[in-house]
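Read-outs throughout are calculated quantities, based only on the coordinates presented, and are distinct from any laboratory measurement. None of these values were measured; they are calculated from a predicted model. Reconstructed Cβ throughout: ideal geometry from the backbone, glycine too, with neighbour counts over all protein chains shown.
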Amino acid sequence: MAVLGIDIGGTKIAAGVVDADARVLETAVVPTRACEGYATSYAQLKSVIDKLLRDGVTAIGICAPGPLNPKTGVVINPPNLPGWVNIPLAEQISKEFQLPCRVENDANAAGLAEWRFGAARGYSTVFYVTVSTGIGTGIILDGKIHHGKNGQAGEGGHVTIDYRSSSICGCGLPGCIEALASGPAIARRAGMPPEEVGRAAACGDPRAIEMLDETALMLGAWLGSAISLLDPDIIVIGGGVAQIGEPLFSRLRRITPERSINQFAAETPIVPAALGAQVGILGAACTVL
Ligand code: ADP
């Protein structure tokens, strides 16, 4: 048995045939051509499915940037996919290819994949975070994504840590953690890309260390609140910025418990994601496996 896992991003659509043991048997990538609008990027999606579809594939899982409704499979209006307004994607793909199809928010799907195949295997309450161009999160409870009433739960990147902040998030609100500690936000504050912050801090550069401390304080305050709210078994952090590695994680492990009412917070493991670049494909596949 195998399924197709498809990761629709603003730049590329990555897809893979995935079996029940998380083996990615074959992959294909096409450019999204998002700026050419819905008709073009939807045709790109269909072309990648055509490339990979074969006997034995029983379902299609798709992850895409939000906002979308995973319960209905409708893509609502993602900023990275212009023209994708209220598209009943799951229904369309299902009809077109005569297979069951699910559509899931990309961070939720990644969290599910880390729970099923990655760093959070064996844990029941998981807070998954990706610190990337944005900050996305997924809440996994007993092996299921927590969707909430309207399928909009788990938008942790848009939790404010400073309601009076002059940093306005892409969502329009001030002081979201995404507006303060995502890769581009770090670059803005530091005047250097986060890659450079990581490298220079490791070499003892005082300015880079200050920036890393500040970033870790923001993320730690936010993660401490997440622990107060969810009391998770584990926090898994992926995304480009997490590649700073131990200098970031050691700070987060120190600061986070100081920022939570939960007296067991220091025991909550804060670990790097394990699945790497294929997390989107695996996450999408997980939704239908
Ligand atoms: P995307 O947002 O497209 O999913 P990534 O998860 O790679 O892509 O996140 C991109 C962000 O991560 C950028 O802001 C980039 O500067 C930052 N980044 C990428 N690699 C590193 C690294 N090794 N150290 C620190 N930051 C990084």
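Structural remarks
- Å³ per residue enclosed by the Cα convex hull of the stretch 1-135: 108
- Of the trypsin sites (Lys or Arg not before Pro) in the stretch 148-214, the ones in a loop by DSSP (not H, G, I, E or B) with at most 10 other beta carbons within 10 Å are K149, R164.
- Kirkwood Rh and Cα Rg combined as Rg over Rh, evaluated for the stretch 119-273: 0.96
- Sorting the Cα pairs of the stretch 1-49 by distance into bins of 5 Å, from 0 upward, gives 5, 24, 29, 17, 13, 7, 4, 1 percent per bin.
- Across the stretch 67-83, computed HN-Hα scalar couplings (Karplus, 6.51 cos²θ - 1.76 cosθ + 1.60, θ = phi - 60°) run x, 8, 10, x, 6, 9, x, 9, 7, 8, 4, x, x, 7, 10, x, x Hz from first to last residue, x flagging Gly and Pro.
- A2 long-range amide H proximity, modeled H, under 5 Å: T58
- The C-alpha atoms of the chain define a longest principal axis, and helix 38-52 lies at about 70 degrees to it.
- Summarising the amide proton neighbourhood of E104: residues at separation of 5 or more, or on other chains, whose placed amide H is nearer than 5 Å comprise I62, C63, A64.
- 3J(HN,Hα) from dihedral phi, the stretch 183-199, Karplus parametrisation 6.51/-1.76/1.60, rounded to Hz, x for glycine, proline: x, x, 5, 4, 4, 5, 5, 8, x, 8, x, x, 4, 5, 4, x, 5
- Note on K95 and K149: with the Förster distance fixed at 30 Å, the Cβ-Cβ geometry gives a FRET efficiency of about 0.65.
- The aspartates and glutamates within cross-link reach of K95, meaning a Cα-to-Cα straight distance under 19 Å and a gap of 8 or more places when in the same chain, are D50, D55, E104.
- Calculated on C-alpha atoms, the gyration radius of the chain divided by its Kirkwood radius gives an Rg/Rh of 0.98.
- Residues whose amide H comes within less than 5 Å of that of G9, counting only those at least five positions distant or on another chain, are A14 (H built at 1.01 Å from N in the peptide plane).
- Euclidean distance of C-alpha centroids, the stretch 1-71 and the stretch 221-289, integer Å: 26
- Taking C35, C176, C203 and counting other C-beta atoms within 10 Å, the order from fewest to most: C203, C35, C176
- Label-point separation, S250 to E26 (7 Å along Cα→Cβ), nm: 4.7
- Angle in degrees between helix 206-230 and the longest Cα principal axis of the chain, rounded to the nearest 10: 70
- Percent RCO, i.e. relative contact order, over the stretch 119-273, from Cα pairs under 8 Å lying at least 6 residues apart: 25
- Rg over Rh for the stretch 184-272 works out to 0.99, both radii taken from alpha-carbon positions and Rh defined as the Kirkwood radius.
- Taking a sphere under 15 Å around the Cβ of Q44 and counting the other residues whose Cβ falls inside, with K and R at +1 and D and E at -1, yields a net charge of 0.
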